[in-house]
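Chemist: Encoded as structure tokens, here's the structure I'll be asking about.
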Amino acid sequence: MTRTPLSTWPTILGVALCAAAGPAGAANLGADEIERIEDLTEDLANSLHDLSFTILERDLDAFARFFADDATGTDIPVAPGPPVPTLRWIEERPVREPRSGLSRDELIDVWGDHLAGYESVEDVRIKVKHADVTDGDPVRADADIKFFWLGRDLEGHREWVKGTGRVSAERIEEGRWALHRFEITELHPKLSRVDLFSEVSLPAGTAHSVPAWGEPGHEVFIAHGVATADVDLDGFLDVFVSGNFQNFLYRNRGDGTFENRAEEALVAVTPLATAPLFLDYDADGDPDLFLASLGPQMLFENRWIPDGQLIFDEVAEPAGVAHRAEGYSALASDVNLDGHPDIYVCSYNKYGEVLPNSWSDATNGTPNLLFLNRGDGTFEEAAQEWGCSDSRWTYAGHFGDLSGDGRPDLYLANDFGKNSFLVNDGDHFRHAAGEFGLHDTGNGMGVSLGDYNNDGRLDVHVTNMSSTAGNRIIRMVFPELEGSPEHARIMKKIAAGNTLFENIGGHFEDVSEKLGPFSSGWAFGGGFVDFDNDGWEDLHSPNGFISGKGLKDT
């Protein structure tokens, strides 16, 4: 039997198994039993994932094959009547009590009728929240599920449905289960008649496709980034994109289209770059380009001023920034308030070649870098002296005055453990996450600052991973988290998803559970942005990892 959870979520399962074998107060389940139950639960989850693809493809014959002859269930309880506005651009369809006791054939008809109301179906997910597994031949399971599907109705409006349900199934063979019951217990169908965003990369001239990861042309396992600036000072934002074997500099023509000028600008081919950062490091009035890298960091001087040509000269060595790091992101601020922008590089480690020395408190990342701008076109690397080298697995960071003293402080999102908050004391940074209530233990991969409640104070959003499988495991080990040991709360946090800290004036409060939860799967980057221009900052959380039909971390 493939032990998917053990290989995919070592953070959750590894700590959980230690807990199960360890202190009193854990559930009366041994490590082997927890792993066996989770293997079977994951197997059921994979089967339901396959079922979701039959819904996505609207293949009712394939859909029907997942149900036993005696299967029963409920209908999809969307009620007739007009949708009710809930937000300025979102409406909610009315629902009713579901009709229960439907036969297998009636279930197939219900789903067929519902799916016929869509012009297109774009995504469908069914996940297992919890399962009670019963031994026998065959193995049986009763499971709580959550689900969503989205698409466009016959008028082209976007519709999405989410909810919860209950299934009963028996295992026919590995990866294949027969459903005897499929019930919907809660449903939230929503509708939008307005598209806030449309995909325009192809007509805009910025579309670019790469092979699937692992195929020729895409063998390198690394994240890349995007930065915007008006590089030619014509009043329009241009875009730089780092890539595996080539970079792109999209010059904005001002008519809604772009042209790739990377080759002419001498930035199409560079050593492997991750995160681009625009800043005017030499104070000549045009934005220069810094590239974080797995290796020596890179800096390119924009020659628009004084030459009037869109050319970037590589100046890393003479500028003093060609220091080696596992640079995953870069950010700029004037940390010493001398009027010159400084650069901070978040440095990760060679994951796969080097493993974290802890899944929940790793400290064997590579040192971060702080380049202090001397004001003469050169930099001094001073992270150690300033106390911000922070050798964790740092994925991203953000500068902002969170302490209220007028100096830019630094929040760091660290993978495999605790994030860092460093207060700027003028000539050094000091660690102060506990002092300010900004402790966050998770798989941090993004951070952003914004004022979500419009009270005039900066709040903090941290992008972490969330795991349905992780929450299942925690529930087995610690059925009641109240009064559980500290590592139980750490485990819960690792699987919980993103964190939102509210600035309550000199201190921060974690309001994630009160306002969320913010479960975004395998989440990266993202942050505050007012999507609908209503004056309130919304949250964007990009997510995903290696795409494919296989479900290996539910």
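The values are calculated or read from the model by the stated rules, or taken from the named source; none is laboratory data. If you're wondering where the values come from, they're calculated on a predicted model, not measured in any experiment. Backbone-built Cβ (ideal geometry, glycine too); neighbour counts: all protein chains shown. Side chains included, ligands, DNA and RNA excluded: accessible areas come from the protein's heavy atoms. Shrake-Rupley method; radii C 1.70, N 1.55, O 1.52, S 1.80 Å.
Chemist: Please list 515-523, 320-328 highest first by mean number of surrounding beta-carbon atoms within 10 Å per residue. Provide the component values of the computation, followed by the final result.
Modeler: Details: 515-523: 17.9, 320-328: 21.7.
Result, highest mean first: 320-328, 515-523.
Chemist: For the range 82-94, in order, what is each residue's ³J(HN,Hα) by Karplus, 6.51 cos²θ - 1.76 cosθ + 1.60 with θ = phi - 60°, in whole Hz (x at glycine and Pro)?
Modeler: With coefficients 6.51, -1.76 and 1.60, one gets x, x, 9, x, 10, 10, 4, 10, 10, 10, 10, 6, x Hz.
Chemist: Counting other Cβ atoms within 10 Å, which GluC sites (Glu not before Pro) in the range 161-269 have at most 13 and lie in a DSSP loop?
Modeler: Details: sites: Glu170, Glu173, Glu174, Glu183, Glu186, Glu199, Glu219, Glu259, Glu263, Glu264; in loops: Glu174, Glu199, Glu219, Glu263, Glu264.
Loop-located and lightly packed - Glu174, Glu199, Glu219, Glu263.
Chemist: Counting only protein heavy atoms and a 1.4 Å probe, tell me what percentage of the chain's accessible area is made up of carbon and sulfur.
Modeler: Working: 12550 of 24790 Å².
Answer for the chain is 51 percent, counting heavy atoms of protein chains only.
Chemist: Between Ile504 and Lys350, what is 0.36 nm times their sequence separation minus the Cα-Cα distance? Round to one decimal in nm.
Modeler: Values: separation 154, 0.36 × 154 = 55.44 nm, distance 3.81 nm.
Result: 51.6 nm gained on full extension.
Chemist: Starting from the amide H of Arg261, placed 1.01 Å from N in the peptide plane, find each other amide H under 5 Å away whose residue is 5 or more places distant or on another chain.
Modeler: Leu249, Tyr250, Arg251
Chemist: OK, next. Mind ordering 530-543, 200-213, 369-382 by average Cβ neighbours within 10 Å, highest first? Walk me through the numbers on the way to the answer.
Modeler: Values: 530-543: 13.9, 200-213: 11.6, 369-382: 19.0.
Ranked by mean Cβ neighbours within 10 Å, highest first: 369-382, 530-543, 200-213.
Chemist: Taking only DSSP H segments of four or more residues, each worth -39500 (n - 2.57), what value at 222 nm results for the chain once the sum is divided by all its residues, to the nearest 500 deg cm²/dmol? All intermediate terms of the calculation are to be shown ahead of the outcome.
Modeler: Numbers: 13 runs with 105 residues, N = 554.
When only DSSP H runs of four or more count, the value is -5000 deg cm²/dmol.
Chemist: Under 5 Å between amide hydrogens, which residues at least 5 positions from Arg99 or on another chain qualify, with H placed 1.01 Å from N in the peptide plane?
Modeler: Asp75
Chemist: Under a crude label model (7 Å from the Cα following the beta-carbon direction), how far is Ala283 from Thr86 in nanometres?
Modeler: Going by the 7 Å Cα→Cβ label model, 5.3 nm.
Chemist: Provide the gained length on full extension for the span Glu435 to Phe197, in nm with one decimal, where the gain is 0.36 nm per separating residue minus the Cα-Cα distance. Working shown, then result.
Modeler: Details: separation 238, 0.36 × 238 = 85.68 nm, distance 4.04 nm.
Extra length from Glu435 to Phe197 when fully extended: 81.6 nm.
Chemist: Please get the size of the charge dipole for the range 183-294, origin at its Cα centre, with Cβ charges of +1 on Lys and Arg and -1 on Asp and Glu, quoted in debye to the nearest 20.
Modeler: Numbers: 5 positive and 19 negative charges, 78 e Å.
Using Cβ point charges on Lys, Arg, Asp and Glu, the range 183-294 gives about 380 debye.
Chemist: Check every DSSP H run in the chain and write down those whose alpha carbon atoms cover 20 angstrom or more along the long axis and whose mean Kyte-Doolittle hydropathy is -0.5 or greater.
Modeler: On the way: long enough: 31-56 (37 Å, -0.13).
Going by DSSP H runs, the hits are 31-56.
Chemist: Here are labelled values, (1) 1.04; (2) 0.99; (3) 0.97, and one is the computed Rg/Rh (Cα atoms, Kirkwood Rh) for what I pasted. Which one?
Modeler: For Rg/Rh (Cα atoms, Kirkwood Rh), the calculated option is (2).
Chemist: While we're looking at this one, here's another question. If I model a spin label as a point 7 Å beyond the Cα along the Cα-Cβ vector, how far apart are those points for Ile305 and Asp455 in nm?
Modeler: Calculated label separation equals 4.0 nm.
Chemist: Which GluC sites (Glu not before Pro) from the range 95-155 combine a DSSP loop assignment with at most 13 other Cβ atoms within 10 Å?
Modeler: Details: sites: Glu106, Glu119, Glu122, Glu155; in loops: Glu155.
Of the GluC sites (Glu not before Pro), the ones in loops of the range 95-155 whose Cβ has at most 13 other Cβ atoms within 10 Å are Glu155.
Chemist: May I ask you to derive the FRET efficiency for Glu385 and Phe53 from their Cβ-Cβ distance with R0 = 60 Å, giving the value to the nearest 0.05?
Modeler: Values: r = 55 Å, r/R0 = 0.91.
With R0 = 60 Å, the Cβ-Cβ based efficiency is 0.65.
Chemist: If a/c stays under 1.5 just call it rounded; otherwise compare a/b with b/c (prolate if a/b is bigger, oblate if not). Do that for the range 229-282, with a ≥ b ≥ c from the square roots of the Cα gyration tensor eigenvalues. Mind dumping the intermediate values first?
Modeler: Details: a/c = 2.11, a/b = 1.38, b/c = 1.53.
Verdict is oblate for the range 229-282.
Chemist: From Cα pairs below 8 angstrom and at least 6 apart in sequence, can you work out the relative contact order of the chain, rounded to a whole percent? Could the numbers behind the result be given before it?
Modeler: Working: 1301 pairs, mean separation 54.5, N = 554.
In percent, rounded to a whole number, it is 10.
Chemist: Moving on to the next point. Using protein chains only and a probe of 1.4 angstrom, how many square angstrom of Ser47 are accessible, to the nearest 10?
Modeler: 0
Chemist: Filter the cross-link list Lys190/Lys418; Lys127/Lys418; Lys162/Lys350; Lys350/Lys514 down to pairs whose alpha-carbon distance in this structure exceeds 32 Å. Don't skip to the end; give the middle numbers.
Modeler: Working: Lys190/Lys418 37 Å; Lys127/Lys418 28 Å; Lys162/Lys350 38 Å; Lys350/Lys514 37 Å.
Beyond 32 Å between Cα atoms: Lys190/Lys418; Lys162/Lys350; Lys350/Lys514.
Chemist: So if R0 is 35 Å, what FRET efficiency would Ala68 and Leu515 give, r being the distance between their Cβ atoms, rounded to the nearest 0.05?
Modeler: Numbers: r = 41 Å, r/R0 = 1.18.
The formula returns an efficiency of 0.25 here.
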